[in-house]
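Before we start, here is the structure in question, set down as structure tokens.
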Amino acid sequence: MILEVVKYGHPALRQKGLPVEKITPEIRNLIVDMIETMMASKGIGLAAQQVGRALQLTVLDVRGANTRPSTLQINGQPSDVDAFMPVVLINPRVKATGEAVVGPEGCLSFPEIFADITRPGLVEVHALNQRGKEIEFSCRGLLARAIQHELDHLNGVLFIDRMLRADKDELQPKLDELQAATKAALKEAARMAKK
């Protein structure tokens, strides 16, 4: 089932996710729905906060991004990124290292808003997958960037928080408009729920 992706201004985007204590049928269904939603939205990552759930859960799939390659190592060995996708990260612990790399980012919760963001070029990831199995890997390129972007979501941090001040100032009118529209929609939904 395709879920609604909440937009900037929704309080869920600023919530730190709670750890997933147990992989229940509800969590499994949420994972399936999040992957379907991410693909339908043509995104490469989606955090639980973006569908209104404050959990330490994200899904990623960088297969379609041929112009921005990724590399992956599992147990120190080069691995096929495409064969690893989509990847589910539950309660991820991420160590970001390596040289800082500047690259363009967007976000499904910020339609049509893009900016260059500086992030470390290498990440080491420890997480559970959808079966509750521990996974460990390291990656570079777009996958490393996407993981850091989604990890931020899990902690209530948004990519606009990492923008250069000049970029954010330039985008501020669009951000204000999006936030106002989201808050108006939430207010209207609350009003309709009271009827």
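Evaluate E = 1/(1 + (r/R0)^6) for Ala190 and Glu36, where r is the Cβ-Cβ distance and R0 equals 30 Å; express this FRET efficiency to the nearest 0.05.
Result of the calculation: an efficiency of 0.65.
Starting from the Cα-Cα distance between Glu124 and Gln179, subtract it from 0.36 nm times their residue separation and give me the gain in nm to one decimal.
16.4 nm
Whole percent per 5 Å bin, from 0 to the bin with the longest distance: what is P(r) over all C-alpha pairs of the chain?
1, 8, 16, 20, 21, 16, 10, 5, 2, 1, 0, 0
Right, another one. For the chain, give the magnitude of the charge dipole about the Cα centre (Cβ charges: +1 Lys/Arg, -1 Asp/Glu; no others), in debye to the nearest 20.
That gives the chain a dipole magnitude of about 600 debye.
Can you give me the distance in nm between label points at Leu18 and Ala96, each placed 7 Å from the Cα along the Cα-to-Cβ direction?
A separation of 2.7 nm, rounded to one decimal place.
On a full-extension model of 0.36 nm per residue, what is the gain between Asn29 and Leu164, subtracting their alpha-carbon distance, rounded to one decimal in nm?
Extra length from Asn29 to Leu164 when fully extended: 44.8 nm.
Projecting each Cα onto the charge dipole of the chain (Lys/Arg +1, Asp/Glu -1 at the beta carbon, about the Cα centre), which of Val32, His149, Pro78 comes out farthest on the positive side?
Projecting each Cα onto the dipole axis, the largest value belongs to Val32.
Further, regarding this structure: Given axes a ≥ b ≥ c from the Cα gyration tensor, I'd like to know whether the range 83-188 is rounded (a/c under 1.5), prolate (a/b larger than b/c) or oblate.
Working: a/c = 2.79, a/b = 1.52, b/c = 1.84.
Oblate shape, in that a/c is at least 1.5 and b/c is the bigger or equal ratio.
Which distance in Å, rounded to a whole number, links the C-alpha centroids of the range 95-139 and the range 1-76?
With the range 95-139 and the range 1-76 each reduced to a Cα centre, they are spaced 12 Å.
Quick one: Kirkwood hydrodynamic radius for the range 28-104, alpha-carbon pairs, angstrom, one decimal? Could the numbers behind the result be given before it?
Details: mean 1/r = 0.0717 Å⁻¹.
Radius from the Kirkwood sum: 13.9 Å.
Bear in mind that the values in this text are calculations on the coordinates, not laboratory data. Quick caveat: nothing in here was measured; it's all calculated off a predicted structure. Positions of Cβ are generated from backbone atoms using ideal geometry, with glycine treated the same way; all protein chains shown enter the neighbour counts.
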